[in-house]
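Engineer: Quick one: structure below, then a few questions.
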Amino acid sequence: MQIYVKLAWRNVLRNKRRSLLAGLAIGVGLASLMWIDALILGLQASMLHSATSSFMGEAQIHAQGFRESFEVENTVVAGPEVAQAVRRDPLVRDVAPRTLSMSMMSSSANMATVTLVGVDTDLEPALSDVDQALIAGRYLSPDGRGEVIIGDKLADLLEVEQGDRVVLTAAQAHTGDLSQELFRITGIYHFNIDGLDRGMAFVRLPVAQRLLGLGEDFHEIAIVFHDMNTAGRDDIPFWDRYSQGGNEAVGWRTLLPEMAAAFELVGVQTLILGLILFAIVALGIMNTLFMSLYERLFEFGVLRAVGTPPLAMGRLVMLESSALGLIGVLCGAV
């Protein structure tokens, strides 16, 4: 075998210019595929980070049926205990509890239906970018009882600005009685996402729990993992571990099915592009080998005359193509 390796390498170096051009062609094809794949992966990671870091989180835990019904009474079963257990999980980096309810916000000029979100002012900044998206005012203070943060489009609809007062009306859990409270707008944010800028209002978690009559309960546990790819895996036991006792744990693939479908489509497109580049590189190698073989027909005749079996000659050609491919791979990697 060693003699065939030496012969194959000498044959590759026989015409250095041709071998170099073929190797560069392979290298350019490989480098292009690596660059395109890295670009697509980077774009996907950037899109996913933008979608999950703005507010949603990489995963969430709710009571079963809450995402469909949005009922105020349907809180996370044993919420405080589950939140503590998730916080201690080695896969998890940050956890934040939230309340979510449909409410009516009214000002002296107008009124609008909003999603009232109760957030923990100490834990929420690690999960969402609401505090970084403020364009006016400040974030909720830890002891601010009557403070609310709204989006700029909602502020335009209500014709209010920082410092103005608004009234929030919500239905309490279990009884359905309406509860009203006066709030002062301490901050206005802008995400450039219509659903967030127009339809959400943030208050402190204890304030929302009191307004909705929830006690210590809440509707959602938002989660961020140490590794962002963890939330996209369906084969980890994390989901089954916290989808028990009437709760369900879901990742971003379930929360954002359109994005998951788009990523799968991009993966198919990348595969097709890789096959095209592979075919182009393969044709380049074949062309180089055919030219080399045509020039050495006399040598092959001599090899056959001295008793070289056809299988050994085929092995020699395969070793030559492998050496040529190795040169191309090294060029592409560099």
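Engineer: Given the conditions (1) closer than 20 Å to residue 96 by Cβ; (2) touching a helix residue (DSSP H, G or I) at 6+ places or on another chain (Cβ under 9 Å); (3) among the small types (Gly, Ala, Ser), and given that residue 243 satisfies all but one, which numbered condition is not satisfied?
Structural biologist: Here residue 243 meets the rest and fails (2).
Engineer: Can you tell me which residue in region 152-192 is nearest to residue 129 (Cα to Cα), limited to those that are part of a loop (DSSP other than H, G, I, E, B) and open to solvent by 90 Å² or more (accessible area, probe 1.4 Å)?
Structural biologist: Of everything passing the filter in region 152-192, 192 is nearest to residue 129 (Cα to Cα).
Engineer: Please determine, by comparing only the residues of region 288-316 that are in contact with a helix residue (DSSP H, G or I) (Cβ under 8 Å, 6 or more places away or on another chain) and at pLDDT below 80, which one is most open to solvent (accessible area, probe 1.4 Å).
Structural biologist: This residue is 291.
Engineer: Separate question: Being small (Gly, Ala, Ser) and open to solvent by less than 20 Å² (accessible area, probe 1.4 Å) is the filter here, so list the residues in region 141-151 that pass it.
Structural biologist: Within region 141-151, 144, 151 qualify.
Engineer: Let me ask something additional. Identify the residue in region 176-196 that is within 27 Å of the chain's Cα centre (by Cα) and free of Cβ contacts under 8 Å to residues at least 40 places away in the same chain and, among all such residues, is nearest to residue 138 (Cα to Cα).
Structural biologist: The qualifying residue nearest to residue 138 (Cα to Cα) is 192.
Engineer: Identify, by number, the condition in (1) in contact (Cβ under 8 Å) with a residue 60 or more places away in the chain; (2) open to solvent by 70 Å² or more (accessible area, probe 1.4 Å); (3) not in a helix (DSSP H, G or I) that residue 49 doesn't meet.
Structural biologist: (3)
Engineer: I'd like the full set of residues that are in contact with a Gly (Cβ under 8 Å, 6 or more places away or on another chain) and open to solvent by 40 Å² or more (accessible area, probe 1.4 Å), limited to region 92-133.
Structural biologist: 113, the sole residue that qualifies.
Engineer: Name the residues in region 1-46 that are among the β-branched types (Val, Ile, Thr) and closer than 14 Å to residue 327 by Cβ, would you?
Structural biologist: Of everything in region 1-46, those that are among the β-branched types (Val, Ile, Thr) and closer than 14 Å to residue 327 by Cβ turn out to be 12, 26, 28.
The values are calculated or read from the model by the stated rules, or taken from the named source; none is laboratory data. Because the structure is a prediction, the values reported are computed rather than measured. Note that we place each Cβ from the backbone using ideal geometry, even for glycine, and neighbour counts take in every protein chain shown. The accessibility values were calculated without ligands, DNA or RNA, using every heavy atom of the protein model including side chains. Shrake-Rupley method; radii C 1.70, N 1.55, O 1.52, S 1.80 Å.
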